[in-house]
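Peer 1: Got a structure here, written out as structure tokens. Questions coming.
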Amino acid sequence: MQSKKIFLASSSELKEDREAFEIFINRKNKDWVAKGVFLELVLWEDFLDAMSPTRLQDEYNRAIRECNLFVMLFFTKVGKYTAEEFETAFGQFQATRKPFIFTYFKDGFIPTKVREAT
């Protein structure tokens, strides 16, 4: 069976969207496994218990470089680590033509408090 790794990046404000994406991929896996392809979703939350000789972000970046797809979710902000993940994916794509990069911008109501802070 062929495995396709998908790294999902976003700021923590999109927790519910990340969970919905995970459910979506798990459901789609039923169709893809029948075709001989397993979709492996890689989330930063999967690394919370990981040991790293440098910093945990380096482990995320290594996983990004090993992925086939990089999915970036945006809404009101992009943190420095999320930006670093995008830069890692883009640099890897320029060098090797993988991972393919998909960006999604959430369209929705932005509370006044958030608008003033950004």
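Taken together, the values in this text are just the output of simple stated rules run on the coordinates, not laboratory data. Keep in mind that what you see is a predicted model, and the values were worked out from it rather than measured. With ideal geometry, Cβ positions are generated from the backbone for all residues, glycine too; neighbour counts draw on all protein chains shown.
Peer 1: Nearest 500 deg cm²/dmol is fine: what mean residue ellipticity at 222 nm does the chain get from its DSSP H runs of n ≥ 4 alone, each adding -39,500 (n - 2.57), divided by its residue count? Kindly include the intermediate steps, with their values, before the conclusion.
Peer 2: On the way: 4 runs with 52 residues, N = 118.
Mean residue ellipticity, 222 nm, calculated: -14000 deg cm²/dmol.
Peer 1: Cα to Cα, under 29 Å, and not fewer than 8 places away if on the same chain: which lysines meet these conditions relative to Lys35?
Peer 2: Lys4, Lys5, Lys98
Peer 1: Assuming R0 = 25 Å, can you tell me the calculated FRET efficiency for the pair Lys15 and Arg97, based on Cβ-Cβ distance, to the nearest 0.05?
Peer 2: Taking R0 as 25 Å, the efficiency between Lys15 and Arg97 is 0.20.
Peer 1: I'd like to know how segment 63-102 sits against the 2.2 N^0.38 Å rule of thumb: what's its Cα Rg over that expected value?
Peer 2: Relative to the 2.2 N^0.38 Å estimate, segment 63-102 comes out at 1.11.
Peer 1: So which GluC sites (Glu not before Pro) in segment 16-109 pass both tests, a DSSP loop state and at most 14 other Cβ atoms within 10 Å of the Cβ?
Peer 2: Details: sites: Glu16, Glu19, Glu22, Glu40, Glu45, Glu59, Glu66, Glu84, Glu85, Glu87; in loops: Glu66.
Those that pass, being in a loop and sparsely packed, are Glu66.
Peer 1: Residue by residue through segment 57-74, which ³J(HN,Hα) values in whole Hz follow from phi under the Karplus form 6.51 cos²θ - 1.76 cosθ + 1.60 (θ = phi - 60°), with glycine and proline marked x?
Peer 2: Those phi angles translate into 4, 5, 5, 4, 4, 4, 4, 4, 5, 8, 7, 8, 10, 10, 10, 10, 9, 10 Hz.
Peer 1: Just grab the label-to-label distance for Asp107 and Lys35, each label 7 Å out from Cα along the Cβ direction, in nm (one decimal).
Peer 2: The answer from the label model is 2.7 nm.
Peer 1: Sticking with this one: Could you please report the charge total around Glu87, scoring K, R as +1 and D, E as -1 over all other residues with beta-carbon less than 13 angstrom from its beta-carbon?
Peer 2: So the environment of Glu87 carries a net charge of 0.
Peer 1: As a footprinting exposure proxy, order Tyr60, Tyr104, Tyr81 by other Cβ within 10 Å, with the fewest listed first.
Peer 2: Result, fewest neighbours first: Tyr104, Tyr81, Tyr60.
Peer 1: Please turn the phi angles of segment 90-95 into ³J(HN,Hα) values with the Karplus equation 6.51 cos²θ - 1.76 cosθ + 1.60 (θ = phi - 60°), one per residue in order, whole Hz, x for glycine and proline.
Peer 2: With coefficients 6.51, -1.76 and 1.60, one gets 5, x, 5, 5, 4, 7 Hz.
Peer 1: Under a plain spin-label model, where a point goes 7 Å from the Cα along Cα-to-Cβ, how far apart in nm are Ile25 and Lys4?
Peer 2: 1.2
Peer 1: Lysines near Lys15 by alpha-carbon distance under 18 Å, same-chain residues fewer than 8 away left out - which ones?
Peer 2: Lys77, Lys80, Lys106
Peer 1: Work out Dmax and Rg for segment 2-117 from the C-alpha atoms and quote the Rg first, both in angstrom.
Peer 2: For segment 2-117, the Cα radius of gyration and maximum Cα-Cα distance read 15.1, 48 Å.
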